[in-house]
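The values are calculated or read from the model by the stated rules, or taken from the named source; none is laboratory data. What you see is a predicted model; the values in this text were computed from it and never measured. Because the Cβ atoms are built from the backbone with ideal geometry, glycine has one as well, and the counts that use them run over all protein chains shown.
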Amino acid sequence: MNENFEHLLQGLERFAARAEALMQRVESVLPQALAAPDWNAAIAYRYRKRSSGHGSLEPVRHVGAMTLADLKEIDVQKDKIQRNTLQFVEGRSANNVLLTGARGTGKSSLIRACLNTYAAQGLRLIEVDKADLVDLPDIVDVVAVRPEKFIVFCDDLSFDDGEPGYKALKSVLDGSVAAASPNVLIYATSNRRHLLPEYMKENLTYTHTEDGEVHPGEGVEEKISLSERFGLWVSFYPFTQTEYLTIVAQWLASFGMPESTFVVARPQALVWALERGSRNGRVAYQFARDYAGRHGSLA
């Protein structure tokens, strides 16, 4: 009898262990609430979504050491972004920001520079990829109780028709029943002013076909409604040759090159830009990095 009881007990223990393992596997694929990270670990975080579908806020250990003084030839744009960010950090009213325009002109760098400038005053940044914007309400809920001020940063933002992140972002910006959290702003960069592709046929509102939309103008209005929810629009423009060379000189100085090399490097900097087909801050930085490396400066 005792042997049968022990055998039964062992069978129950094996069953319980298998049941526990099964429950753990089931729980691993079920939706879970977004957990708060260690807020003392960094000043910037990146939202990552794993293959299991669970999202997490991961600290960015090494934020680029960009300062506002490093950014040249965008003084007007810099003043607008800095003023808005300072208002936000100080607890005054501020706007969500859409930075649009020419590539490589400092849109993303300007946001990083503001983070570095005001981190000591409680500013934090959370970078969210376009594909993960559907989880934006969960992110806002996690940070809403924190004393810090959070910029949710979406880089190179644009949407194709029907993408789910479009409506999620639209609701968080302005349009949800819940009020926006006072310690969260959305800063986004894009090469598209209206964030969605636009077609010539959409302007032909006076034409109608048998299977066409009855009110095509409303479709156009829907497309621009997202960008209109950003209270502050800041536009960036291609640099002139003089502006480009000024930025080259600034980056050469940052790499420790003596001032005497600036004039010598100018022709090479212009050829570099010609080969790249663009004169912008990114190209200027890449040239300066290459030039300083070739002439013995430590990067």
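Would you check if Ala249 is surrounded by fewer than 19 Cβ atoms within 10 Å (Cβ to Cβ), under 30 Å from His295 (Cβ atoms), of a type in the set (A, V, I, L, M, F, W, C) and modelled with pLDDT of 70 or more?
So Ala249 fails the test.
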- Query: In this structure, does Gly53 turn out to be at positive phi, modelled with pLDDT under 90 and not in a strand (DSSP E or B)?
  - Reply: yes
- Query: Taking the condition surrounded by 15 or more Cβ atoms within 10 Å (Cβ to Cβ), modelled with pLDDT of 85 or more and acidic (Asp, Glu), does Glu275 pass?
  - Reply: no
- Matching residues, segment 274-299, being more than 21 Å from Leu110 (Cβ to Cβ) and assigned to a helix (DSSP H, G or I): Leu274, Glu275, Arg276, Asp290, Tyr291, Ala292, Gly293, Arg294
- Task: Count, please, the residues in segment 76-88 that happen to be crowded, with 20+ Cβ neighbours inside 10 Å and not aromatic (Phe, Trp, Tyr).
- Result: 4
- Query: Is it the case that Pro37 is not hydrophobic (A, V, I, L, M, F, W, C) and not in a helix (DSSP H, G or I)?
  - Reply: yes
- Query: When residues of segment 87-98 are filtered for being farther than 30 Å from Val283 by Cβ and not in a loop (DSSP other than H, G, I, E, B), how many remain?
  - Reply: 3
- Filter pass, Ala113 being among the hydrophobic types (A, V, I, L, M, F, W, C) and surrounded by fewer than 17 Cβ atoms within 10 Å (Cβ to Cβ): no
- Checked against (1) surrounded by 15 or more Cβ atoms within 10 Å (Cβ to Cβ); (2) closer than 25 Å to Val134 by Cα; (3) touching a Ser or Thr at 6+ places or on another chain (Cβ under 9 Å), Arg50 satisfies every condition except (1)
- For Val60, all conditions in the list (1) of a type in the set (A, V, I, L, M); (2) modelled with pLDDT under 75; (3) closer than 17 Å to Asp129 by Cα hold save one; what is the number of the exception? (2)
- Query: Among the residues of segment 225-232, is any at pLDDT 90 or above, within 26 Å of the chain's Cα centre (by Cα) and either charged (D, E, K, R) or not in a helix (DSSP H, G or I) (or both)?
  - Reply: yes
- Message: Would you confirm whether or not segment 99-112 contains a residue that is over 23 Å from Ala253 (Cα atoms), in contact (Cβ under 8 Å) with a residue 12 or more places away in the chain and of a type in the set (A, V, I, L, M)?
- Response: yes
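Counting only residues that are in a loop (DSSP other than H, G, I, E, B) and surrounded by 15 or more Cβ atoms within 10 Å (Cβ to Cβ), which one in segment 64-75 is modelled with the lowest pLDDT? Steps first, answer last, please.
Narrowing segment 64-75 to residues in a loop (DSSP other than H, G, I, E, B): 64-67, 71-74.
Then drop every residue that is not surrounded by 15 or more Cβ atoms within 10 Å (Cβ to Cβ), which leaves 66, 71-74.
Values: Met66: 84, Leu71: 88, Lys72: 87, Glu73: 88, Ile74: 91.
Ranking the qualifying residues of segment 64-75, first place goes to Met66.
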